[in-house]
1. In the same structural domain as E87 (by TED's automatic domain parsing) and either in a strand (DSSP E or B) or in contact with a Pro (Cβ under 8 Å, 6 or more places away or on another chain) (or both): which single residue out of G216, G221, G199 fits that description?
2. Quick check on region 235-261: of everything there that is part of a strand (DSSP E or B), modelled with pLDDT under 95 and not hydrophobic (A, V, I, L, M, F, W, C), which residue is nearest to the chain's Cα centre (by Cα)?
3. Being of a type in the set (S, T, N, Q) and not in a loop (DSSP other than H, G, I, E, B) is the filter; apply it to region 202-213 and report the residue that is farthest from W98 (Cα to Cα).
4. Working only within region 47-102, note down all residues that are assigned to a loop (DSSP other than H, G, I, E, B) and of a type in the set (K, R).
5. Go over the candidates A130, A102 one by one and state the one that is crowded, with 17+ Cβ neighbours inside 10 Å, farther than 30 Å from G216 by Cβ and among the hydrophobic types (A, V, I, L, M, F, W, C).
6. Just a yes or no: is a residue in region 61-74 among the polar types (S, T, N, Q) and modelled with pLDDT under 95?
Amino acid sequence: MIQPKVCWVSSFVALAIVWSAESATAQAKDQYHFKFMPQDGQELTWKRGVAAVDSEGAEAIVRVIDSMDSLPDDQTTFRITVLNIGEEPVEVSSENIWVEDASGTRVSMLDYEELAGRHRRDIKRRQALALFGGAMAAGSANGYTTGSFNYNGTTASGGHFSGFGTYTAYDPNLAAQQSQQAAAQNQATLNAIQIRQLGGIEALNGMLRQTTLKPGEMTSGIVAFDVPRNLRKSVEKEPVSIVAKIGSAEHRFQAKLIELP
């Protein structure tokens, strides 16, 4: 019996979803972490193998943490915590945080809205491919099989004959089996997309969002960026600086970028 079309249709759709995801994140595959190099007045601490550096100014205490959080689009990440120790409110946002190479070139952080938009577009692509694949699989679940055969024989007068033919046959039981298989595979694909969607939303909810800190208040969150070519050249060679401008002061943290295995 000829193998049902539903299997190769579902495989095609699964590959298309993977290709779509890879093309969307091709520029963000390499991830890095920081090896901190604390400067005068800064304190390096460790907690369960995770490094952090504190910087104290007149308005705030800022802590950067070498935390490798998993975001949907695989950015390089770290965490930042800010405590307002001044007498006036201060603004905290990813717009006022950047990474600087040795030449002073800045790399801006990605904000929540941008990454949430990327995630929404990725989910929509995957859902569209799943719907397309489901329609193809459903259309192929028609219960028909095709094949070919050879024939030969001898006539009543002693002559010989031979030939080649094809056939098409309908099997209602096969049609039902194919339909159930297509529905199950399509539902599994949609479930996987939904899990990715929820996991991405949960991860993005941990990102640093713009916050006004009153005296004594504290905020913390994930900061993310795509590592450009100029920073890749600095990996494990020249130090870079993480800069967080809180109030009127810039808190600078020196580190080396280390590529994750």
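1. On the way: G216 fails: either in a strand (DSSP E or B) or in contact with a Pro (Cβ under 8 Å, 6 or more places away or on another chain) (or both); G199 fails: in the same structural domain as E87 (by TED's automatic domain parsing).
That would be G221, the only listed residue that is in the same structural domain as E87 (by TED's automatic domain parsing) and either in a strand (DSSP E or B) or in contact with a Pro (Cβ under 8 Å, 6 or more places away or on another chain) (or both).
2. In this case the residue turns out to be E259.
3. Step one: list which residues in region 202-213 are of a type in the set (S, T, N, Q), which gives 205, 210-212.
Keeping just the survivors that are not in a loop (DSSP other than H, G, I, E, B) gives 211-212.
Working: T211: 17, T212: 19 Å.
The selected residue is T212.
4. Initially, region 47-102 is screened for residues assigned to a loop (DSSP other than H, G, I, E, B), giving 48-49, 57-59, 66-75, 85-89, 93, 101-102.
The answer is R48, and nothing else.
5. Details: A102 fails: crowded, with 17+ Cβ neighbours inside 10 Å.
After applying the criteria, what remains is A130.
6. We begin by selecting, within region 61-74, every residue among the polar types (S, T, N, Q); these are 67, 70.
Next, only the ones that are modelled with pLDDT under 95 stay: 67, 70.
Checked against the condition, which is being among the polar types (S, T, N, Q) and modelled with pLDDT under 95, region 61-74 yields at least one hit.
The values are calculated or read from the model by the stated rules, or taken from the named source; none is laboratory data. All values derive from a computational prediction rather than experimental measurement. Reconstructed Cβ throughout: ideal geometry from the backbone, glycine too, with neighbour counts over all protein chains shown.
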